[in-house]
Amino acid sequence: MRHTLAVLVENNPGVLARVAGLFSRRGFNIDSLAVGRTESPDVSRMTIVVEGDERVLEQVNKQLHKLVDVIKINDITADEYVDRELVLIKVNADPAQRGEVMQIADVFRARIVDLGRKTVTLECTGNDGKINAFEESLRPYGIKELVRTGKIAMLRGTKYTGLQENGD
Amino acid sequence: MKKTGAQILVESLLAEGVDTIFGYPGGQALPIYDALYDADIRHILTRHEQGAAHAADGYARASGKPGVCLATSGPGATNLVTGIANAYMDSIPLVAITGQVPTSMLGRDSFQEADITGITLPITKHNYLVKDVNDLAKIVREAFYIATTGRPGPVLIDMPRDVSAGETDYTDPGPVHLPGYDIKKDPDPEQVARAVRAIEEAERPVIYAGGGVINANAHVELLKFAEMLLAPVATTLMGLGGFPGNHPLSVGMLGMHGSKYANYAVSECDLLIGVGVRFDDRVTSKLEAFAPNATVVHIDIDPAEIGKNVGVDIPVVGDVRATLRELAGRLQPRLASRWRDKIQTWKKEYPIEFEENGRIKPQEVIREIYNATGGNARITTEVGQHQMWAAHYYTYTRPRTFISSGGLGTMGFGFPAAIGVQLACPGETVIDIAGDGSIQMNIQELATAVSHKLPVKIAILNNGFLGMVRQWQELFYNRRYSYTELDNPDFVKIAEAYGAVGIRVDKKSEVRPALDEALRVDKPVVLDFQIEREENVLPMVPPGEAINNMLG
């Protein structure tokens with residue numbers, strides 16, 4: 001099963017290497033990992049999507065906890081959360097095909113961010129399912145280049161995975 | 001007052017109570033060595049950085065205090081790697097300090113540059129690259145705190161030369177504040193209650209005790225706990241000495257080269273209480289068949305060890321000492337146990353024994369070392385057959401008296417470790433039990449022992465083979481002794497060349513007199529015992545088998 005972990009880490013150099021190294025040497029499978037700063041300048045937040053059964057997840061959790069730079073781990077899989085991923089896709093589209101591509105973009109509420117002579121570059125945000133569907137719809141035109149940010153996620157409502165204790 | 005980074009390092013070491021460090025100088029460590037020149041710290045100059053790391057490790061194991069080693073950048077730092085990995089696998093508190101090229105030169109493949117924080121990422125509990133001299137005092141304090149608390153382990157501090165030479169105002173960094181580092185010392189009362197119920201219900205409990213007992217200084221509590229339960233105590237290699245080996249409840253070591261009665265006890269128990277252990281594959285062998293009928297209680301300070309290798313019914317996360325105390329406080333002592341009686345009969349039925357003949361048997365040498373020292377020596381070992389014989393035929397009754405490379409299995413550990421042990425325990429007898437293969441991996445440290453006047457004894461069980469590998473080749477590879485036979489140098493001459501004493505022992509009758517002579521001399525002594533060449537370590541669990549299915 002896929003799990004989504006929200007991991008707060010000290011904003012120290014090398015922290016990404018520590019986390020990535022831990023996953024590779026213990027044989028844990030990362031689906032995606034996104035990292036960036038948070039509301040506090042000393043703290044970064046990683047959203048890690050990891051594949052594994054209960055036992056693997058328990059080890060992922062415990063081993064992550066052993067890293068001195070890891071402050072807090074939240075497995076939010078079972079909670080209500082909002083998740084988003086951003087994708088940039090450069091797709092073949094000569095002027096005759098642009099209309100179709102733009103229609104698809106409309107359906108997915110994607111935006112055109114660049115136009116080339118024979119290509120269109122689109123930006124789309126959404127959850128996993130939407131991004132996958134968007135990619136599939138464009139595949140027949142010939143995808144020249146594709147880049148995904150990896151998923152970021154946040155709990156819904158008043159709950160949060162911040163440094164302070166939860167309010168509710 | 002302005003101080004250099006190197007001076008701050010020295011002050012910080014003194015503030016942590018460090019009195020001895022093991023090291024080897026070099027270019028990028030020059031400022032540090034300059035500060036050490038007139039510091040109130042004893043520096044032991046080894047002849048190889050690996051020796052420094054192992055000596056610091058041995059010092060830590062014998063004293064219970066953190067060991068400190070120091071090396072220069074590049075090759076100096078990479079030479080520490082095996083020693084750091086060794087300390088990591090056995091959870092030994094070690095602080096390794098390395099010189100590094102100046103920060104402006106980092107990442108440019110400068111002369112003697114190696115990314116040692118990158119290299120040691122998977123083998124340290126934590127590590128630091130100091131980029132600002134103002135952070136140094138805080139980092140050193142954190143390093144010692146992390147190395148010695150919770151589950152101990154090595155921490156590395158990499159110090160670029162401009163940091164050690166740079167100046168700043170030194171102020172005490174105050175208490176450690178690490179938001180991501182918390183240790184749960186006291187066990188959860190609910191888990192303790194569950195463990196108590198399981199213990200009360202058990203008819204055939206076995207205690208499986210490891211290095212965590214020694215790390216937690218919990219040997220007294222373990223003894224009391226075992227006596228209340230009348231439960232046999234099997235120890236891992238790392239746990240030897242954590243429970244008195246001469247106690248009626250001791251069943252010695254378990255696992256691949258455990259005693260038959262220890263392995264039988266584990267296989268038939270209905271409750272297995274793991275205390276400061278990690279269910280290592282050399283203990284469990286075939287996992288599905290390990291303690292198949294038992295409820296498993298696992299006590300450990302590291303939550304990540306719970307459920308890592310085997311499913312655990314009752315996890316108790318906490319300091320081993322505090323937990324055993326808590327448990328003992330809630331239990332009624334047992335007055336009789338048929339289970340204990342059954343184990344006593346197994347002990348009589350399946351003793352660990354060997355056949356004597358006219359030649360020198362390695363087991364006999366170990367037994368004579370035990371007799372000659374009255375069991376009061378500190379024993380270190382290298383890795384291989386001699387290590388297992390040292391585990392079987394010498395009885396360890398006190399913690400920190402058997403010092404051996406368990407997890408990593410590092411040949412070349414024992415002798416430098418013995419140097420560290422001797423420094424931690426002046427006046428005590430320290431003996432490295434070695435093989436003719438492993439002693440050659442760090443034999444250069446004879447110079448260290450001689451120049452620091454450390455009367456460490458080395459007992460080489462010399463069979464002219466890499467014995468353990470040969471044993472496997474004999475048993476599982478049709479006696480094809482592929483590159484395991486050794487042409488050895490004259491160890492007596494080597495000892496003498498270094499200024500130590502060398503004694504060669506060819507006859508059975510010379511074993512004890514040679515040992516007595518070695519113990520009488522107040523100098524390093526190398527004893528070269530010419531033993532039976534193809535003796536095997538038995539009993540033995542063949543790889544992949546259940547632990548009650550033993551050869552020999």
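Quick look at the numbers
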{"read-out": "Out of B:T124, B:T168, sole residue that is within 19 Å of the chain's Cα centre (by Cα) and either at pLDDT 95 or above or closer than 30 Å to B:L272 by Cβ (or both)", "value": "B:T124"}
{"read-out": "Those strands (runs of 3 or more DSSP E) lying entirely in region A:106-168 with at least 2 residues more than 14 Å from chain B (Cβ to nearest Cβ), of a type outside the set (S, T, N, Q) and open to solvent by 40 Å² or more (accessible area, probe 1.4 Å)", "value": "A:111-115, A:143-148, A:152-155"}
{"read-out": "Among the candidates B:G252, B:G180, B:G245, residue that is modelled with pLDDT under 95 and surrounded by fewer than 24 Cβ atoms within 10 Å (Cβ to Cβ)", "value": "B:G180"}
{"read-out": "Complete set of residues in region B:451-474 that are more than 19 Å from B:P362 (Cα to Cα) and either crowded, with 24+ Cβ neighbours inside 10 Å or within 20 Å of the chain's Cα centre (by Cα) (or both)", "value": "B:V456"}
{"read-out": "Hits in region B:284-295 (condition: closer than 23 Å to B:M550 by Cα and open to solvent by 10 Å² or more (accessible area, probe 1.4 Å))", "value": "B:S285, B:K286, B:L287, B:E288, B:A289, B:F290, B:P292, B:N293, B:A294"}
{"read-out": "Within region A:120-129, tally of residues that are modelled with pLDDT under 95 and either within 13 Å of A:V91 (Cβ to Cβ) or among the charged types (D, E, K, R) (or both)", "value": "1"}
{"read-out": "Lone qualifier among B:P187, B:P152 - being within 14 Å of chain A (Cβ to nearest Cβ) and in contact (Cβ under 8 Å) with a residue 60 or more places away in the chain", "value": "B:P152"}
{"read-out": "B:A328 of a type in the set (G, A, S) and part of a helix (DSSP H, G or I)", "value": "yes"}
{"read-out": "Any hit, region A:72-85, residues being over 30 Å from B:D182 (Cα atoms), charged (D, E, K, R) and touching a helix residue (DSSP H, G or I) at 6+ places or on another chain (Cβ under 6 Å)", "value": "yes"}
{"read-out": "Strands (runs of 3 or more DSSP E) contained entirely in region B:1-63, each with at least 2 residues that are open to solvent by 60 Å² or more (accessible area, probe 1.4 Å) and closer than 22 Å to B:A447 by Cα", "value": "B:42-45"}
{"read-out": "Region A:84-94: number of residues that are assigned to a strand (DSSP E or B) and open to solvent by 20 Å² or more (accessible area, probe 1.4 Å)", "value": "5"}
{"read-out": "Candidates B:A289, B:A304 - the one that is without any contact (Cβ under 8 Å) to a residue 12 or more places away in the chain and within 30 Å of A:L22 (Cα to Cα)", "value": "B:A304"}
{"read-out": "Residues of region B:105-132 that turn out to be more than 8 Å from every other protein chain (Cβ to nearest Cβ), open to solvent by 20 Å² or more (accessible area, probe 1.4 Å) and of a type in the set (A, V, I, L, M), as a count", "value": "4"}
{"read-out": "Among the residues listed as B:A216, B:A265, B:A234, B:A193, the single one being touching a Leu at 6+ places or on another chain (Cβ under 6 Å) and either open to solvent by less than 10 Å² (accessible area, probe 1.4 Å) or of a type in the set (A, V, I, L, M, F, W, C) (or both)", "value": "B:A234"}
{"read-out": "Pairs with Cβ under 9 Å, 6+ apart, first in region B:530-552 and on the phi > 0 side of the Ramachandran plot and in a loop (DSSP other than H, G, I, E, B), second surrounded by fewer than 18 Cβ atoms within 10 Å (Cβ to Cβ) and hydrophobic (A, V, I, L, M, F, W, C)", "value": "B:G552/B:L538"}
{"read-out": "Failed criterion for A:P13 (all others in (1) open to solvent by 70 Å² or more (accessible area, probe 1.4 Å); (2) not in a loop (DSSP other than H, G, I, E, B) hold)", "value": "(2)"}
{"read-out": "Scope region B:261-282; condition of a type in the set (D, E), in contact with a strand residue (DSSP E or B) (Cβ under 9 Å, 6 or more places away or on another chain) and in a loop (DSSP other than H, G, I, E, B); matching residues", "value": "B:D270"}
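Per-residue answers, yes or no, for (1) within 14 Å of chain B (Cβ to nearest Cβ); (2) of a type in the set (V, I, T):
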| site | (1), (2) |
| --- | --- |
| A:R2 | no, no |
| A:R18 | yes, no |
| A:Q59 | yes, no |
| A:V82 | no, yes |
| A:K90 | no, no |
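Let's see how each residue does on (1) in contact with a strand residue (DSSP E or B) (Cβ under 7 Å, 6 or more places away or on another chain); (2) within 24 Å of B:N376 (Cβ to Cβ); (3) not β-branched (V, I, T):
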residue: B:P416; (1), (2), (3): no, yes, yes
residue: B:C425; (1), (2), (3): yes, yes, yes
residue: B:F465; (1), (2), (3): yes, no, yes
residue: B:L475; (1), (2), (3): no, no, yes
residue: B:Y483; (1), (2), (3): no, no, yes
residue: B:V492; (1), (2), (3): yes, no, no
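The values are calculated or read from the model by the stated rules, or taken from the named source; none is laboratory data. Owing to the predicted nature of the structure, the values given are computational and were not obtained by experimental measurement. No Cβ is skipped: glycine too gets one built from the backbone with ideal geometry, and neighbour counts run over all protein chains shown. The area values use the complete protein model at the heavy-atom level, side chains included, leaving out ligands, DNA and RNA. Shrake-Rupley method; radii C 1.70, N 1.55, O 1.52, S 1.80 Å.
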